[in-house]
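This report refers to the structure that appears directly beneath it.
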């Protein structure tokens, strides 16, 4: 009986961890604080490097394969001496200055954990900006694991062009208390980088390209009650099969959910009033589209371009005729039916 109870308890913990990582908890933050250490060790194949770090810190594990490898770490701070970097090789550096800072360190071949502590002031990881190779960790081909806790902010392009090496890059970001995702803040162009975002329920602003990511895990869309979903916000995901926005979303901008190649179904709330051009373009497997708005939202040009599998658009029963006659919706009159 004791063994059976132990097995049952472990199964429950495993389920909680799985649901937290995939966003399936009714309360996405439930239990995460209890299991943060377990989750972080579970995600990285070298657990000894993931121990004894505050859940509010930023940590990155790198494994350079040759001596004299230079790593640049990009972040910003508002107070001089506002951040401390433990480079993981016995060197600890308190970084001075305000604004954007590039911290550089040289490593021998091996495995190291970089920890960024928030000593005082606001500290945020950031990227190099559009057209600049590298996110917060330049030379990211040596990255294997990233954890961003609640004490460290996320700036624009924080993970842009972040690739990871070897078996790929695993990234966990705890979103507790965050209200905004900046432009391209959680975007990456590499299918080797696997994201999991936790505790998303406070997000009210989604920037341009904010979640543009090939392998983003979790039901991110269901917890983003921003009034506007900006351009490219959810573009280019390889894994997502459903996309469901909560009540409160008003505008879905151009290309916001385009090129989600695995997407099968979409559900939009009654609050939506505008869907931009190419908003769902390139979602070649999309079959079912549900819009709960009683008044047809303004539909941009080619919003469903190359959605060749789209077979049904469901709307409120009293609004079917209005949708069938509305600008750009009328092109799909034959597949518009009641919910």
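The values are calculated or read from the model by the stated rules, or taken from the named source; none is laboratory data. Owing to the predicted nature of the structure, the values given are computational and were not obtained by experimental measurement. Glycine also receives a Cβ, built like all others from the backbone with ideal geometry; neighbour counts cover every protein chain displayed.
Overview of values
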quantity	calculated
Segments classed as strands (runs of 3 or more DSSP E), wholly inside region 72-120, with at least 1 members that are surrounded by fewer than 19 Cβ atoms within 10 Å (Cβ to Cβ) and without any contact (Cβ under 8 Å) to a residue 40 or more places away in the chain	83-86, 92-95, 99-107
Residues within region 129-159 that are part of a loop (DSSP other than H, G, I, E, B) and either within 20 Å of residue 87 (Cα to Cα) or at pLDDT 80 or above (or both), tallied	13
Residues being more than 29 Å from the chain's Cα centre (by Cα) and closer than 15 Å to residue 72 by Cβ - total across region 98-112	2
Filter result for the condition that a residue is without any contact (Cβ under 8 Å) to a residue 60 or more places away in the chain, within 25 Å of residue 180 (Cα to Cα) and within 24 Å of the chain's Cα centre (by Cα), over 282, 248	248
Residue within region 161-175 that is on the phi < 0 side of the Ramachandran plot, modelled with pLDDT of 85 or more and either in contact with a helix residue (DSSP H, G or I) (Cβ under 6 Å, 6 or more places away or on another chain) or in a loop (DSSP other than H, G, I, E, B) (or both) present	no
Qualifying residue in region 105-117 (condition: more than 25 Å from residue 187 (Cα to Cα) and at pLDDT below 90)	no
Residue in region 319-339 that is in contact with a helix residue (DSSP H, G or I) (Cβ under 7 Å, 6 or more places away or on another chain), in a helix (DSSP H, G or I) and without any contact (Cβ under 8 Å) to a residue 12 or more places away in the chain present	yes
Condition check for residue 338: at pLDDT 95 or above and within 23 Å of residue 194 (Cα to Cα)	no
